[in-house]
Amino acid sequence: MLGERRYHAVVFDMDHPETQRTQFLSRVCEGFPDVAVVVVTKPASLRRGMLAMISGASAYMLKPLQSENASAGLVRALRKKQLESAMLRLSNV
């Protein structure tokens, strides 16, 4: 999955029927703490997006995605993860 290459972000569709949503999200957030996790969900599934944030996702976006909004959301999630990582490193000094 993610262990073979280094990724900065994962964009995950919380509405995808074939996935074990919470297990995947937990494995990514716990196993790869420096990776920004962005979940995408439809407005009717807003609760899923909020639960994903509680479970460790960096951000969530609502469908339908538009390129400028998706880009801005991904940039925010990456910046947030960078700040969290920097704070963690500083607290361990």
Of all accessible heavy-atom area on the chain, the percent that carbon and sulfur account for (1.4 Å): 56
Simple spin-label estimate for SER85 and HIS16 in nanometres, 7 Å along Cα-Cβ: 2.2
Inter-label distance for GLU30 and SER55, nm, one decimal - labels placed 7 Å from Cα along Cα-to-Cβ: 1.2
Computed [θ] at 222 nm, helices only, for the chain once each DSSP H run of length n ≥ 4 contributes -39500 (n - 2.57): -16000 deg cm²/dmol
Accessible area expressed per residue, the chain, with surrounding protein chains retained (probe 1.4 Å, Å²): 70
Amide H partners (placed H, <5 Å) of PHE12, local residues excluded: VAL38, VAL39, VAL40
Accessible area of MET61 in the full protein assembly, 1.4 Å probe (Å², nearest 10): 20
The chain: relative contact order as a whole-number percent, Cα under 8 Å and 6+ apart: 26
Test item: Cα-centred dipole of the chain, Lys/Arg +1 and Asp/Glu -1 on Cβ, debye: 180
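The values are calculated or read from the model by the stated rules, or taken from the named source; none is laboratory data. What you see is a predicted model, and the numbers here were worked out from it, not measured in a lab. Ideal geometry is used to build each Cβ from the backbone, glycine not excepted, and the neighbour counts take in all protein chains shown. For the accessible areas, the whole protein counts, side chains as well, though only heavy atoms, and no ligand, DNA or RNA atoms are used. Shrake-Rupley method; radii C 1.70, N 1.55, O 1.52, S 1.80 Å.
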